[in-house]
Amino acid sequence: MGLETVDFFHILARDPTSNSYKTGVNVTTAHNQLIATRQELYQNLNKTRELGSLLDKSELQLQTIGERLPHLKKAMAPLLVQAESVKSVSEWIEESMGPAKNLIKKFDEAHLLEKTLIREPREDFEVYLSTVVKLADLLDYLKLNSRVAIKLLKEAMEVLLQEKSVDKYRVRKVNQSLMTLIHHQSVQEKLVTEFKFLMVEHTLPLTLPDHVEKTTDGGRTSPGASALSDEKVQDVILLPAWVLERLHAIIETLQRTGGCEGCLGAFGEIRSNRAFVSLQGLKLNYLKNLSPEAIDRIDWDNLQIMIGLWCQHIEVAVKVLYASERQLARQVLGHLDQDLWTECFVKVASTGMVQFLQFGEGIARSHRAPEKLFKLLDMFETLDQCVPTVNTVFEGDSGLELRARTRELQKLVVSGACQTFWEFKQWVAEQNEGALVQDGSVTRLSSYVVNYLKYLVSEFYSPVMDKVLKIDQNWRGQEQSEEQGLAYGVLLFMQALELQVERRSREFSDPALRHIFMMNNLWYMRTRARRCELGPLLGETWLTEQRQKVQQHALAYEHEVWGHVLHHLNQEGMMGPAGGRGSARELVRQRLSRFTAALEESCARQAHWIVAEDDLREGTKRAVLDAVVPAYRTFIEFYGHVLDSQGAGPKSYLKYLPEDVEKMLKALLMGSRTDLPHNSNSGNHSGPPSRRAPTAR
């Protein structure tokens, strides 16, 4: 109803006896209001009918919608799932962004220090370091949380890239946060760069000496070559104090932020290059690609030089270069854990050390030959002097492999040297020089073996060889005995040589020349041994036996050659000085003629024979002179008058006077030369020992 209708009913409800009713009601007015109310009711009724019609239509529409609703719900299901997924991802991303937002706030605080940090450290190093220290306090927090935050953001990025429903704006925000964190993780790179700069500018390659000079009595040095004594090795200073202080400050600063890996890598790279340049100054091309097979193809003279250089250079590398590199690593990186800086140093040294060790292994495993023994001993001595330094310089777990490999090389060298030593006896027995010279001279083998052994027992090698043999026995678990020592081995070798000489003597068809050959070789062996360190090793018994053997062959030679000549001066059947038989003259002439012929034949037979040693040659000729000349002179004195009927003297019936015979005999055993030098050596190996090993022939 309208407002007017309500008011009308209120009026009607009033008490008719009241004054207001009497005075306020007007019939006309009430009539008009009634008419208006009726019209309004009529209109409302029409509207109600229309609303009822609409409700009927709506019911039909709702029924239709109800029928369609299951299909619509089914179609909306994926969208509902996606909406729920988006909601879940959004909530998870917001949680992932939380740690990153906290980190970025810290980075914003660090950003205020950027003006100082963008400058080069060397512009104001102290201010730069103090700023980095302030930054380090902020980064302490970042160090603990950045990895987790970055991990969460990376996971979020992976999810966003898979969720196509997430808007590009959200992806971009997460990616920006991730890049911000990653970018700020490289704050310490400038300090690493400054570290590299200082290392490059102030740690130049070392200029290495040719060898390390030995200060012990047994040491040997090469004249004219630059050297560094053992005492001076530790005095090598590579860095000024102020540079070292800056490097320490950088490392300590970066250590607080976990950035030391950059300094370790930079140190290793720079010093590896510097060490390589230092070694190149020694000209180490000979170390490249040398397998045992390749070594066997190298000319021995060249190989001797290479091994000699190796012995000098590995000692320089260990005692000078790598000792200094370790000292530098300790000075620069010593504030870090020892395992870290020693590992860094070992990486610097490994490449060069491995090259040296590979060359040594190739030599030790290559074909064994007598002349290599001396170079193996040189290598052992060098390694023996280097091993203590190797154990010190490459201490710790990081250097274990290099220490073990050096030790293994030393074992290979010891084994190779001992095998070469003991195989020398068999080598001597197998030698065959071809046809012998028909003069009875000392063989090249005798000369080589004697001088080889003389060289081996000299002051240069005797202590080393003896030590190697004892080490080998110890490693094999054998008790040390004289039968495994140097003296016993030398005796075996000399006996093998004597047997070889006896075998070769049978190649002479002339028995007398055979004895000359034996005299020469046995006397050479004895005299050379007696004049050097071989004598004490072989002993007086051996020396005496050799002298007796030479005397026996000398007597056999005299009997074989001169017994036949003297036979013609035999007085058997001859008349005495007072005899007067008629055949005496013819018999004397015949005896002298046969003597002369035999003398000439014997001298011609020995025209090219030689006894090179003065004492042996003169002793042998003295014995011949003492046997022949007096007998000849006595024969002439007794029977010469039979032929000298007219008193013209011996010249009238003798072709050779006793003086002539003496001259002929003195000219013997000189070979084709008449000016043999005193104490000559047909093998030409009797000079003083040198560091160059004799060569087998």
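The values are calculated or read from the model by the stated rules, or taken from the named source; none is laboratory data. Predicted model only: the values in this text are computed from it and were never measured. All Cβ positions, glycine included, derive from the backbone under ideal geometry; neighbour counts span all protein chains shown. For accessibility, only protein heavy atoms count, side chains too; no ligands or nucleic acids. Shrake-Rupley method; radii C 1.70, N 1.55, O 1.52, S 1.80 Å.
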Single condition His608 does not satisfy, out of (1) more than 17 Å from His559 (Cα to Cα); (2) in a helix (DSSP H, G or I): (2)
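With respect to Gln606, is the statement that it is at pLDDT 90 or above and not β-branched (Val, Ile, Thr) true?
Yes.
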Provide a single number: the residues in region 389-425 that are more than 16 Å from Val348 (Cα to Cα), of a type outside the set (Val, Ile, Thr) and without any contact (Cβ under 8 Å) to a residue 60 or more places away in the chain. 14
Condition check: touching a residue at least 60 places away in the same chain (Cβ under 8 Å), farther than 30 Å from Ser366 by Cβ and open to solvent by 10 Å² or more (accessible area, probe 1.4 Å). Does Gly334 satisfy that? no
Quick check, is Leu373 at pLDDT 95 or above, under 19 Å from Ala317 (Cα atoms) and in a helix (DSSP H, G or I)? no
Glu459 vs. criteria over 26 Å from the mean Cα position of the chain (by Cα) and closer than 30 Å to Val611 by Cα: no
Checking the structure you have, find out if any residue of region 424-439 is closer than 30 Å to Gln358 by Cβ and buried (at least 18 other Cβ atoms within 10 Å of the Cβ). yes
Looking at Asp472, Asp466, can you tell me which residue is more than 15 Å from Leu537 (Cα to Cα), in contact with a helix residue (DSSP H, G or I) (Cβ under 6 Å, 6 or more places away or on another chain), charged (D, E, K, R) and open to solvent by 10 Å² or more (accessible area, probe 1.4 Å)? Asp472
Restricting attention to region 408-455, which residues are small (Gly, Ala, Ser) and either more than 36 Å from the chain's Cα centre (by Cα) or more than 21 Å from Arg368 (Cβ to Cβ) (or both)? Ala429, Gly434, Ala435, Gly440, Ser441, Ser446, Ser447
Note down all Cβ pairs under 8 Å where the first residue falls in region 293-314 and is more than 16 Å from Gln410 (Cα to Cα) and touching a residue at least 40 places away in the same chain (Cβ under 8 Å), the second is of a type in the set (Lys, Arg) and surrounded by fewer than 20 Cβ atoms within 10 Å (Cβ to Cβ), and they're at least six residues apart or on different chains. Gln304/Arg692; Gly308/Arg691
Selection status of Gly416, in a loop (DSSP other than H, G, I, E, B) and over 18 Å from Glu325 (Cβ atoms): no
Residue selected from region 506-515 under the condition touching a Lys or Arg at 6+ places or on another chain (Cβ under 8 Å) and either open to solvent by less than 10 Å² (accessible area, probe 1.4 Å) or outside any helix (DSSP H, G or I) (or both), by the criterion farthest from Gly539 (Cα to Cα): Asp510
Among helices (runs of 4 or more DSSP H) completely within region 252-358, the ones holding 2 or more residues that are over 18 Å from the mean Cα position of the chain (by Cα) and at pLDDT 90 or above are 260-280, 300-316, 323-333
Report, ordered by the first and then the second residue, all pairs with beta carbons closer than 8 Å, sequence separation of six or more or different chains, a first member in region 534-546 that is of a type in the set (A, V, I, L, M, F, W, C), and a second member that is open to solvent by 80 Å² or more (accessible area, probe 1.4 Å) and in a helix (DSSP H, G or I). Leu543/Arg530
In region 376-383, is there at least one residue being among the aromatic types (Phe, Trp, Tyr), surrounded by 17 or more Cβ atoms within 10 Å (Cβ to Cβ) and assigned to a helix (DSSP H, G or I)? yes
So the check is Cβ under 6 Å with 6+ separation or different chains; which pairs have a first residue in region 465-477 that's without any contact (Cβ under 8 Å) to a residue 24 or more places away in the chain and a second one that's outside any loop (DSSP other than H, G, I, E, B)? Asp466/Leu486; Gln473/Gln484
Which residue pairs have Cβ atoms closer than 9 Å, lie 6 or more positions apart in sequence or on different chains, and pair a first residue in region 34-47 that is β-branched (Val, Ile, Thr) with a second residue that is in a helix (DSSP H, G or I)? Thr37/Glu4; Thr37/Thr5; Thr37/Phe8
Is it fair to say Ser458 is over 25 Å from Lys372 (Cβ atoms), modelled with pLDDT under 95 and among the polar types (S, T, N, Q)? no
Counted residues, region 300-351 - those being closer than 30 Å to Lys372 by Cβ and acidic (Asp, Glu): 2
Output for region 516-573, where each listed residue is surrounded by 16 or more Cβ atoms within 10 Å (Cβ to Cβ), over 30 Å from Ala597 (Cα atoms) and among the small types (Gly, Ala, Ser): Ala529, Gly535
